[in-house]
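Peer 1: A single structure is presented below for examination.
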Amino acid sequence: MRPRVISPEQLNDLLDKLAGRTALHAPAKVKDWTEFRRVRSHREIDASRVNTKQPAKAALFPPHEVMFRYDRSGSTAEPEAQAEMVLYGVRPCDAAGLAFIGKFFAGNGPADPYVRTRREKTTVIGLACSSPADTCFCLAVGGSPSGTRGMDLLLTDLGGRYVAEPQSAKGEALVRDLPEPAPADLARKKELADKAAAAIPLRLDTAGLKRRLDKGFEHPAWEALCLPCVNCAACTFLCPTCHCFDVTDEERKGSGARIRVWDSCQFCQYSRHASGHNPRVAPQSRYRNRVMDKFKYTVDQVGEVSCVGCGRCIVECPSGIDVRETVEMLAKTLPEK
């Protein structure tokens, strides 16, 4: 698939056409932040921020969803069919999060039909990061400011024009009639990518960290690292890859619905058994679980680290916890053997 060049005017026209024929979701300003919302015109889009407050994952794995409806007669009704959707302005870390969510919910058995259908119906148009925030660390966990994983089309802003790189047939269909970039355009794209990568100094041996975590569950280093955490769950609800959920049945006057909602391992009741026993009753153990999940448990389950380095947890933590400092400390402190 060959890269193309698209002007800002052509991009705006494309976005307006997409908004007219399908559900276009893009970063939109809300108070002093941005979040993915359905937009009707390119004029509503604000892609000036590095990250939205909430990740793009909500498009595939919503905070709450009706799985089906039922009544006492025993009849059930499936939710409405998923409509076609376009996600625009997705940063590489968020797109990698979408790829992880799709992989995790595919599992080793039958794939989750709700997540699978949404991904099949969604076209992801990404924006490369030319100026990462000081809380970004995607390179440390295998990502890149110009990464293409999870995208159908990646746009790189050269200033006055964009290089558009299709990653799937859906992405190619959007730009196939546009001209190919000149050598100078590709050179400028590489220059911007190299500059963005150089702005992220942290590098992390995630395989080495995994080996240390395999043996470090009971290490005393956790006590000090976990102490600041207040288990508010902001980190998990703003994470592009956190995937915990609860399922409840809500009934009224003989009819009801089965509803799936986001949950968090940071809540005290999350791991409580029906017997009343709670293996993670101590607040510190819940923070440890989150770190272990990101850098060990999902590696065991699906073969990859589930942190994409977006930095949202660093920005929003009320206790000032910086996960980069946590993993660097663990990498230095926990024994490898």
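Peer 1: Scan (1) touching a helix residue (DSSP H, G or I) at 6+ places or on another chain (Cβ under 6 Å); (2) buried (at least 18 other Cβ atoms within 10 Å of the Cβ); (3) modelled with pLDDT of 95 or more for the single condition D293 breaks and write down its number.
Peer 2: Result: D293 fails condition (1) only.
Peer 1: Report yes if some residue within the stretch 76-94 is out of contact with any strand residue (DSSP E or B) (no Cβ under 8 Å at 6 or more places or on another chain) and closer than 22 Å to D246 by Cα; otherwise report no.
Peer 2: Scanning the stretch 76-94 turns up at least one residue that is out of contact with any strand residue (DSSP E or B) (no Cβ under 8 Å at 6 or more places or on another chain) and closer than 22 Å to D246 by Cα.
Peer 1: Follow-up question, since we're still on this one. Name the residues in the stretch 200-209 that are surrounded by 15 or more Cβ atoms within 10 Å (Cβ to Cβ) and more than 21 Å from the chain's Cα centre (by Cα), would you?
Peer 2: L209
Peer 1: Residues S41, S48, S73: which one is at pLDDT 95 or above and among the polar types (S, T, N, Q)?
Peer 2: S41
Peer 1: Test each condition in (1) farther than 23 Å from L18 by Cβ; (2) among the hydrophobic types (A, V, I, L, M, F, W, C); (3) touching a Phe, Trp or Tyr at 6+ places or on another chain (Cβ under 7 Å) for F100 and report the one that comes out false.
Peer 2: The single condition F100 does not satisfy is (3).
For every residue, the table says whether it meets (1) hydroxyl-bearing (S, T, Y); (2) under 25 Å from the mean Cα position of the chain (by Cα); (3) at negative phi; (4) not assigned by TED's automatic domain parsing to the domain that holds V305.
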| site | (1), (2), (3), (4) |
| --- | --- |
| R149 | no, yes, yes, yes |
| T156 | yes, yes, yes, yes |
| R176 | no, no, yes, yes |
| E191 | no, no, yes, yes |
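Peer 1: Please list, ordered by first then second residue, the pairs with beta carbon atoms under 6 Å, 6 or more apart or interchain, first in the stretch 240-264 and within 25 Å of V141 (Cα to Cα) and assigned by TED's automatic domain parsing to the domain that holds P283, second surrounded by 18 or more Cβ atoms within 10 Å (Cβ to Cβ) and of a type in the set (D, E).
Peer 2: P240/D94; C244/D263; F245/D263
Peer 1: Got at least one residue in the stretch 208-226 being of a type in the set (F, W, Y), part of a helix (DSSP H, G or I), in contact with a helix residue (DSSP H, G or I) (Cβ under 8 Å, 6 or more places away or on another chain) and not assigned by TED's automatic domain parsing to the domain that holds L18?
Peer 2: Yes, the stretch 208-226 contains at least one residue that is of a type in the set (F, W, Y), part of a helix (DSSP H, G or I), in contact with a helix residue (DSSP H, G or I) (Cβ under 8 Å, 6 or more places away or on another chain) and not assigned by TED's automatic domain parsing to the domain that holds L18.
Peer 1: Also, quick follow-up: Determine whether R203 is of a type in the set (D, E, K, R), closer than 29 Å to K332 by Cβ and outside any helix (DSSP H, G or I).
Peer 2: Answer is yes for this residue.
Peer 1: Sticking with this one: If you check F61 against the conditions, is it surrounded by 21 or more Cβ atoms within 10 Å (Cβ to Cβ), under 14 Å from the mean Cα position of the chain (by Cα) and in the same structural domain as F105 (by TED's automatic domain parsing)?
Peer 2: Against the criterion (surrounded by 21 or more Cβ atoms within 10 Å (Cβ to Cβ), under 14 Å from the mean Cα position of the chain (by Cα) and in the same structural domain as F105 (by TED's automatic domain parsing)), F61 does not qualify.
Peer 1: Another question, if that's okay. When only residues in the stretch 233-284 that are at pLDDT below 90, small (G, A, S) and loosely packed, with under 15 Cβ neighbours inside 10 Å count, which is nearest to the chain's Cα centre (by Cα)?
Peer 2: Going through the qualifying residues, I end up with A282.
The values are calculated or read from the model by the stated rules, or taken from the named source; none is laboratory data. Note that the structure is predicted; figures quoted are calculated from it, not measured. Heads up, the Cβs are rebuilt from the backbone with ideal geometry, glycines too, and the neighbour counts pull from every protein chain shown.
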